[in-house]
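Notes follow once the structure below has been shown.
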Amino acid sequence: MIRALRPTAGPIAAAVLLAGTALGAPMAFAAPSATVTVQADHPGPVIAKEIYGQFAEHLGTQIYGGIWVGPDSPIPNIRGYRKDVVEALKNLHVPVVRWPGGCFADEYHWRDGIGPKDRRPVIVNTNWGGVEENNAFGTHEFMDFSELIGAGTYVNGNLGSGSVREMADWVAYMTADNHGTLVQERRANGRDKPWTLNWFAVGNEVWGCGGNMRADYYADLLRQTRTFLKPGAGQPTKFIAVGPSDDDTAWTETIMARAAKEIDALSMHYYDVASFNMVPKGTWKVKGSATEFGEAEWFASVFGAYQIGTFISHHSAIMDKYDPEKRVALVVDEWGTWHDPTPGSNPGFLQQQNTLRDAVVAAISLNIFHAHADRVRMANIAQMVNVLQAMILTDGPRMVLTPTYHVFDMYKGFQGAASLPLAVTGPDYSQGGRAVPAVSASAGRGTDGVTRLALTNVDPNKAAPVQVRLAGLKAGKVTGRILTAPAMNSDNTFDHPQTVVPVAFGDAKLSGDTVSVTLPAKSVVVLELQ
Ligand code: AHR
């Protein structure tokens, strides 16, 4: 579980500074409309497609029921993976999936999940609801699933309760192509060639559920363990160290100082918990309802979304000290909203409904990741199916796509795009004496040559007129899509799955190098300029 979260840091100034203001331009607090200036002729770093990564932990009904139903299920499936979910994920172009946890990872022993299914041991998932885990979904199933949806692979090793040998053997089992016993065993289990292992993490949240370690102790363990992790020839595997939660810069400092040379990436976890951003600050026990909320909670979630930018800046500054070439990536491998569980559900399953508020949080967060594309080179939203801020919800044979799914769909053209620096000036959205920028934005030039502009109006009450100046771009036409809904808490349910879906947006006007647009209240818009 998350370690104690810190109180909100430097609220307004920090949030305002990061609202897509990559150029750091001064804010015009009283301006009636927002101005976005895009340096279209000065492309910045590439937005790694892995920023659109997903996280699939053995938690609740995510793996069993949400992804895996088994080949004998009446639910239509491909070799046991539910067909509807596979199709929906393929449409998102999911670049990478992180598995098997989370807290589950540090109690997961990979040998439990290989070989004939009827001989795999049944364990108890002590972190998540105390339910039985029969290990039907193991390494082969994860790798096969990733290949099926066309995603890269990110496996999280067990440092907390496993051994160095166990972890080293797992890496070899997945990636080696030799005559060793481990490879023969993999072949006997049905896989001849090694899989591609893109990322491997040495533990998860070792400062909490992964072993309650101190940073110095972990740094030593990391160095020792990493020495023995040897992927097969030609593998692209990048190694990730457990990084900070939230704004824990002391953790970042220690790991970078002691072990930067041993790693390719440092992880960071950040959850947007509405109650933590309220005044007075709430508790972990009552995070706030996913669906029954008012404007104070809306503001708190939006405020929390902006806050991740402040924290990323803090960690990046420390990483710059030890790694000025930016070789080591910051990977935000757990992020998203965390609300109270759906009433009546098993609280250990972390099931929550997803509303327009979650979509707006996703859009702000993605804009911030784009602005930090030089250092943030992977992010994995928590989580993919049926858990926390999910893309997809399932109930038996039924499936519904959440508002967050639609944001990922609208933004997928940003995968691999060149980021375009931009500055936003304009009005604030204020609530209870605090303020955040009303408009969050980012821009990129896609691998298809299309320039994309993402604009979100976080204000749930007022439309936001925006003038976008695209310095150095001659576009002939503008098209777009918008995601909005009648209410802040509008959602998609199994009975009404189309309440919050993107539709064509024809209200952007192009004149010379300027696009004029009025963003409706509480809306996410993505424009394409060609
Ligand atoms: O995403 C749910 C849990 O949150 C993960 O298992 C853990 O890493 C974090 O505390």
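The values are calculated or read from the model by the stated rules, or taken from the named source; none is laboratory data. Every value quoted in this text rests on a predicted model; they were computed, and no experiment measured them. So basically every Cβ, Gly included, is an ideal-geometry build from the backbone, and we count neighbours across all protein chains shown. Surface accessibility is based on the protein's heavy atoms, side chains included, excluding ligands, DNA and RNA. Shrake-Rupley method; radii C 1.70, N 1.55, O 1.52, S 1.80 Å.
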Worksheet item: Under unit Cβ charges (Lys, Arg +1; Asp, Glu -1), what dipole magnitude, rounded to 20 debye, does the chain have relative to its Cα centre?
Response: 800
Worksheet item: Taking the Cα atoms only, what angle lies between the long axis of helix 356-371 and the longest principal axis of the chain, rounded to 10 degrees?
Response: 90
Discussion item. I need the phi-derived Karplus couplings for the stretch 515-530: 6.51 cos²θ - 1.76 cosθ + 1.60, θ = phi - 60°, integer Hz, Gly and Pro marked x.
Written reply: 10, 10, 8, 10, 7, x, 3, 6, 9, 10, 10, 10, 9, 10, 10, 9
Fill in: Mean accessible surface per residue for the chain, computed with a 1.4 Å probe while every protein chain stays in place, in Å²
36
Item to complete: Taking the Cα centre of the stretch 345-424 as origin, sum charge times position over the Cβ atoms of Lys and Arg (+1) and Asp and Glu (-1), and report the length of that vector in debye to the nearest 20.
Response: 100
Discussion item. I'd like the trypsin sites (Lys or Arg not before Pro) in the stretch 91-137 restricted to DSSP loop residues with at most 12 other Cβ atoms within 10 Å, sorted by number.
Written reply: none
Fill in: For the stretch 194-202, Karplus couplings with θ = phi - 60° (6.51, -1.76, 1.60), whole Hz, Gly/Pro x
x, 7, 8, 10, 7, 9, 9, 9, 8
Practice prompt. Can you tell me how much longer the chain between Val124 and Glu147 gets when fully stretched, taken as 0.36 nm per residue apart minus their C-alpha distance, in nm with one decimal?
Written response: 5.5 nm
Fill in: Net charge dipole size for the stretch 221-371 [Lys, Arg +1 and Asp, Glu -1 on Cβ; Debye, nearest 20]
600
Worksheet item: Which peptide among 391-400, 235-244 comes first, and what is the full order, when sorted by highest mean count of other Cβ atoms within 10 Å?
Response: 235-244, 391-400
Discussion item. Would any residue of the stretch 373-401 have its amide N under 19 Å from a label point 7 Å out along Cα→Cβ of Ile75? List them or say none.
Written reply: 383-401
Response to the item:
Helix 295-322 sits off the longest principal axis of the Cα atoms of the chain, rounded to the nearest 10 on a 0 to 90 degree scale, by 70
Worksheet item: Length gain on complete extension for the stretch Lys117 to Asn461, per 0.36 nm per residue less the alpha carbon to alpha carbon distance?
Response: 118.4 nm
Worksheet item: For the stretch 48-416: lysine pairs with Cα atoms under 18 Å, gap of 8 or more or different chains, count?
Response: 12
Discussion item. Using helices alone, I'd like the mean residue ellipticity at 222 nm for the chain: each DSSP H run of four-plus residues gives -39500 (n - 2.57), total over residue count, nearest 500.
Written reply: -7500 deg cm²/dmol
Worksheet item: For Lys477, which aspartates and glutamates qualify as cross-link partners when the Cα separation must be under 17 Å and same-chain residues fewer than eight apart are set aside?
Response: Asp448, Asp507, Asp513, Glu528
Discussion item. As an exercise, identify the chymotrypsin sites (Phe, Trp or Tyr not before Pro) in the stretch 273-323 lying in DSSP coil whose Cβ has no more than 16 other Cβ atoms within 10 Å.
Written reply: Trp284
Worksheet item: Taking the alpha-carbon set of the stretch 224-306, what are its Rg and Dmax in Å?
Response: 18.7, 55
Response to the item:
Checking the stretch 166-268 for GluC sites (Glu not before Pro) in a loop per DSSP with at most 11 other beta-carbon atoms within 10 Å yields none
Item to complete: Check the straight Cα-Cα distances from Lys462 and name the lysines below 26 Å, setting aside those fewer than 8 residues away within the same chain.
Response: Lys509, Lys522
Worksheet entry | Peptide ranges 501-508, 336-343 listed from the most packed, as the mean C-beta count within 10 angstrom indicates | 336-343, 501-508
Practice prompt. Please name whichever of Thr394, Pro520, Val302 sits farthest to the positive end of the charge dipole of the chain, dipole taken about the Cα centre and charges placed at Cβ: Lys and Arg +1, Asp and Glu -1.
Written response: Pro520
Worksheet item: What is the antiparallel percent of DSSP beta bridges lying wholly in the stretch 48-416, to the nearest 5?
Response: 25
Worksheet, complete the sentence: Per residue convex hull volume, Cα only, the stretch 442-489, in Å³ is 117
Worksheet, complete the sentence: One point scatterer per Cα, no solvent, Debye formula: log10 I(q)/I(0) for the chain at q = 0.08, 0.11 Å⁻¹ comes out as -0.48, -0.93
Worksheet, complete the sentence: Taking the alpha-carbon centre of each part, the distance from the stretch 51-84 to the stretch 288-349 in Å is 25
Worksheet item: What is the distance in Å between the Cα centres of the stretch 503-523 and the stretch 147-172?
Response: 46
